[in-house]
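Contents: one structure, followed by commentary.
The values are calculated or read from the model by the stated rules, or taken from the named source; none is laboratory data. Predicted model only: the values in this text are computed from it and were never measured. All Cβ positions, glycine included, derive from the backbone under ideal geometry; neighbour counts span all protein chains shown.
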Amino acid sequence: MTRLKNAGLEFTLPENVDRSAAASAAAAFAIAIKAGEDVKIDGSKVKQIGQAGLQILLSGFASANHRRSKIEITQPSDPLNAAAKLAGASLLLGLS
Amino acid sequence: MTNEEIQNIFLMECDEGLSVAEEGLKACQVDPTDGEAINSIFRAVHSIKGGAGAFGFSNLQAFTHKFETVLQQARDGERPIDMGLMKTLFQALDLLTDHVRAIKGEADNPDDQHISAELEAIACAAPPVVASADVETGLPVADTGPNTDTSDDDSALDFDLLLADLDLDLGEETAETLRPWIVKVQPKAEAMANGSEPLRVIRELCSLGGKVVNLDVSALPEIDMIETDQSYLIWTIELADHVDRGTIDEIFDFVVDDYILSISQAAVTPESEVALVAVQSLIVETAPAPAPAPADHEPQPKLFATPIAPTPTIRVDLDKLDRLVDTVGELVITQAMLVQRLESIGVNSSDEMSQLEYLTRELQDCAMSLRAQPVSAVFSRVPRIIREVEAQTGKSVRLDVEGESTELDKTVIERIAEPLTHLIRNAVDHGLETPEERAAAGKPEQGVIRLSAEHRGGRILIAVADDGRGINRERVLAKALERGIVARDAKLTDEEIDNLVFAPGFSTAQTVSNISGRGVGMDVVKQNIQALGGRVTIVSRPGVGSTFTLALPLTLAIADGMIIKVGTETLVMPLTHIVECLQPQEGDVQAVGPGHNVLNVRGRFLPIQSVAAALDIAEAQSDPSKAVLIVVETEARGQVVLMVDTICDQRQVVIKSLETNYRAVDGVAGATILGDGRIALIADIEALATCDMLADDLQAAA
């Protein structure tokens, strides 16, 4: 997790986005989004993600939108794309 | 739901449908072979037709029927989508928009004879078309090419169900021959804590040929409230009717306790409720226009132009919202008064007061956001304006739009419609060259208009850029001299020459047309934007193009202001105008005539304007070297220095209209109530800076 130059958050999702990883991500997103910072989520490492992880991402996108912060998932891995597509969440998460 | 409520939903769905159709037509323009684009237009028009018939809007129904017939031929490949057809389709869409406005009572019934006849002629010229089952039934059929599955047509499906709920007779529109399984999967809150992974269940349902037709995220809390063990999502999955019910049940054999399940066949009553919820998520006035249909089979996110999670919504009268905003404004004032009162008795800070201030600010932000709308509400009118000007000028224009989900106050949005129309028409008519001129200049024959919106520094910037010829400064200056707008001996910078286009009555158009060239447009643009507390700037490069940028306040109700004192009066200066505040050193202020001074600001001499003199305030500091000097940015004169006695504070102020409560006063933009309960006037910086006409000459002399 690094701070961007514009004080935004750059967060790398781990290989396995389980409930524990989702909780860590939620905490980091919450702080950044509440502060009105932009959030960049690196999804390139994700090999496995379930509902807990997708919920965090969906909530993060909705919250960032409410607060007019920018949020995006960069380099989504194939498993991440597949999980989002399966759940019908791709477009909500800005994924193809 | 009452008939009236459902009719209102239909009217909103019409707007959604028109936006979808507009996007679809634009996509077809780029790629006439885009099957999904033509499908999306067809579905949108079909959906409007269905509702129009149900509610007895016969004119609308008749027109959409003709429109739909041609679209169906195009969709089925019976008619190539060429330039001629595109033109007719765009005209038909514009007329459809007019029809929708007519049923809303916003306009008279349009005269559609000409376009109707054209549509009929096109339809007759093609082989007869048999309605295909996929759209008429709202159900998927095989072999209609990719993405023709209308299960992703949420709006049509939902609306049909709504109508069914009302028991309205739609005839063939609701005819059904197949009844697919609708499986609603709601993991219980503690399902994941019990070790269940709902995505596995979804995967298994999809492996039976199921498709997620709705992902309900309305229960999702904000990110700071979410509990990762809890489940908040609800899926609706559609499965073909030939799938055995027992096979579906088997998937849940060992996890049935972790789920709330609903398995039924389409169009049965419980699922109508699901549709109602989905439709209600569409009816927020602030909901952005739907995005073009996705390339994959995910239907529900296309309800949103940007990745916005749907949340439960209700519709509220604007009056109620305004009352809330007003009350919150009063609360802000009261909070400031409380702070001041406590300070007067020696209580300077406390955790409770800090918390109250924080909560008040949060409440205010929330209240203001209730009035926010995406600029797409006004941007959506632009394609039609461009089409009209294209037709009138023979120019070819591509419109690029960015940031249409950017939000700002509803009133601001309403008031920028006219200025934006002027700017767009002007950009096409004046800014862009003719195709021949562009070809001669080595440019593509099609000109580009780029419309964008973004938040920056507490303001919203709306830019209209063209890649045309740029402002012809020689001609602008010559015209300004001819009309006596500038003095013969005036030496103007490029920027000042560009700004002459905003002078009242100014126009360089060779011929007066009904598009632009009457010289009444651009000054109206500037006046309207200034009346909103915004400003217009121009950046133009010869041969490359021009960009007109509107900088607008996010809201008209609140402003950050600097509290200043001039003599016995306390005034508020909007921070948006203030560049810097200075206490002059010896020699910084120089006299350039009786009663007129300039300030040396790092080598630039700026005219000093006394606020006391402008507003006729007594007992004020008259010596600039002993006063506080505030450098402000103005539209009319660039940077000007305002002279005040002292700066007291900087705070957010609630703007009260002086005009509404008293009358308009020159030099005063409004009023506010300060923390001590006193009323302070909010300075109109533009008016203060321009009240001394000599200031401009002084600046030029300096």
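Structural remarks
- When the test is whether a residue is closer than 30 Å to residue A:34 by Cβ and not basic (Lys, Arg), residue B:204 does not pass it.
- Checking B:411, B:393 one by one, the residue that is modelled with pLDDT under 90 and within 30 Å of residue B:331 (Cα to Cα) is B:411 and no other.
- Segments classed as helices (runs of 4 or more DSSP H), wholly inside chain A, with at least 3 members that are more than 9 Å from chain B (Cβ to nearest Cβ) and more than 28 Å from residue B:366 (Cβ to Cβ): A:78-87
- Hey, residue B:681 under 14 Å from residue B:567 (Cβ atoms), buried (at least 17 other Cβ atoms within 10 Å of the Cβ) and under 37 Å from the mean Cα position of the chain (by Cα) or not: yes
- Residue list for the range B:207-233, restricted to those being of a type in the set (A, V, I, L, M, F, W, C), surrounded by fewer than 20 Cβ atoms within 10 Å (Cβ to Cβ) and within 11 Å of another protein chain (Cβ to nearest Cβ): B:219, B:225
- When B:49, B:87 are checked against the criterion of being touching a helix residue (DSSP H, G or I) at 6+ places or on another chain (Cβ under 7 Å) and among the basic types (Lys, Arg), a single residue qualifies: B:49.
- Set side by side, the residues B:253, B:258, B:249 differ, and just one is loosely packed, with under 15 Cβ neighbours inside 10 Å, in the same structural domain as residue B:208 (by TED's automatic domain parsing) and in contact (Cβ under 8 Å) with a residue 12 or more places away in the chain, which is B:249.
- If you go through the range B:183-195 and keep only what is facing chain A (nearest Cβ under 9 Å) and either in contact with a strand residue (DSSP E or B) (Cβ under 9 Å, 6 or more places away or on another chain) or surrounded by fewer than 20 Cβ atoms within 10 Å (Cβ to Cβ) (or both), you end up with B:187, B:191, B:193.
- Residues that are of a type outside the set (D, E, K, R) and modelled with pLDDT of 90 or more, drawn from the range B:427-440: B:427, B:428, B:431, B:432, B:434, B:435, B:439, B:440
- Of the residues screened, residue B:453 is one that is within 14 Å of chain A (Cβ to nearest Cβ), modelled with pLDDT of 90 or more, surrounded by 15 or more Cβ atoms within 10 Å (Cβ to Cβ) and assigned to a strand (DSSP E or B).
- Any strands (runs of 3 or more DSSP E) falling wholly within the range B:585-638 and containing at least 1 residues that are under 38 Å from the mean Cα position of the chain (by Cα): B:604-610, B:628-634
- From B:204, B:120, residue being in the same structural domain as residue B:17 (by TED's automatic domain parsing), modelled with pLDDT of 50 or more and in a helix (DSSP H, G or I): B:120
- Breaking point among (1) surrounded by 18 or more Cβ atoms within 10 Å (Cβ to Cβ); (2) within 14 Å of another protein chain (Cβ to nearest Cβ); (3) at pLDDT below 85, for residue B:365: (1)
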